[in-house]
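The values are calculated or read from the model by the stated rules, or taken from the named source; none is laboratory data. A quick note: this is a predicted structure, and the numbers were derived from the prediction, not measured. All Cβ positions, even for glycine, are placed from backbone atoms using ideal geometry, and neighbour counts span all protein chains on display. Accessible surface is based on the protein model in full, side chains and every heavy atom, while ligands, DNA and RNA are left aside. Shrake-Rupley method; radii C 1.70, N 1.55, O 1.52, S 1.80 Å.
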Amino acid sequence: IPNGVHSSLPSTGSVPETIASLLQDQPSPTSGLVTSSADKACSFSGTSVSYHSPIDLNIYDVQGRHTGPTKDGGFENNIPGVTYDYIEDNKFAFLPDSNTYTVTGNATGLGTFDARVTTYQNSEPTQEYYYNEVPLTTGSTTAQFSVAPNQTDHTLLVDPTGSGTFSLHVQPSSVLNASQIEDTVPPTTIATTSGVSGQHGWYISNTSIALAATDDNAGVLRMMYSLDG
């Protein structure tokens with residue numbers, strides 16, 4: 001599709017008319033719609049945003065247009081080029097580079113949520129900002145951050161009580177480069193136990209357990225352990 005980018009294909013050129021014609025079993029205006037330079041046509045640049053756990057995801061652009069759930073329980077997508085999807089408590093959106101956005105969230109339950117913000121250039125991920133276990137202390141907690149070209153401030157603002165004051169400023173728990181984003185090998189954790197040894201692997205004194213984790217690429221965000229299985 002000439003001058004089309006992957007994120008906005010459904011609304012590019014004569015695509016809507018073509019889809020409508022196909023659904024109505026009518027001749028479609030496909031002349032000039034498809035070109036042979038598929039590699040260039042499918043290239044995209046922008047930012048993907050995802051929220052995980054009990055919080056909704058809303059996007060606003062500088063014109064005040066909105067993509068996300070509505071107060072009446074519906075959904076709207078009024079920002080051209082923005083795509084949105086959700087699977088249970090996981091919400092995903094892609095924001096093309098052609099605009100500046102405010103991304104907000106409203107708590108739908110208590111606990112914590114995680115957020116990922118990944119930038120793409122020429123269809124390749126370049127940077128990822130990960131926010132781990134951001135607190136949702138009340139049912140009125142809201143969160144907000146900006147997505148803009150050449151952005152340097154990646155602070156996630158949190159209003160714990162919904163008062164309109166963002167008193168909690170959350171920095172990314174981890175920042176990954178292009179190589180680290182592609183890391184799929186999990187870290188390795190080694191537990192070392194010390195104390196007075198008895199028989200059959202048991203200890204007959206107070207014991208100490210030390211945990212050490214290593215990773216070959218992206219690093220270790222945190223270690224967790226359980227004593228009761």
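If the chain linking VAL62 and VAL175 were pulled fully straight, counting 0.36 nm for each residue of separation and taking away their Cα-Cα distance, it would gain 38.0 nm.
Taking the alpha-carbon centroid of each part, what is the distance from the range 61-105 to the range 132-152 in angstrom? What the calculation gives is 15 Å, centre to centre.
Length gained on full extension, ASP215 to GLN151: 20.2 nm, using 0.36 nm per residue less the C-alpha separation. Of the solvent-accessible surface of the range 71-229, computed with a 1.4 Å probe over protein heavy atoms with every protein chain present, carbon and sulfur atoms account for 50 percent. In this label model, THR189 and ASN78 are separated by 4.6 nm, measuring between points 7 Å along each Cα→Cβ vector. Computed on the range 146-229, with alpha-carbon pairs under 8 angstrom and 6+ residues apart, the relative contact order is 21 percent.
Given +1 at the Cβ of Lys and Arg, -1 at the Cβ of Asp and Glu and no other charges, the dipole of the range 83-173 around its Cα centre is 180 debye to the nearest 20. Close amide-amide hydrogen proximity is noted between ILE55 and THR108, each under 5 Å apart and 5 or more residues distant or on a separate chain (H modeled in the peptide plane; Pro and chain starts excluded).
Computed from the C-beta positions of SER226 and PHE92, the FRET efficiency with R₀ = 41 Å rounds to 0.85. In this structure the range 78-229 gives 62 Å² per residue of accessible area when probed at 1.4 Å with all protein chains present.
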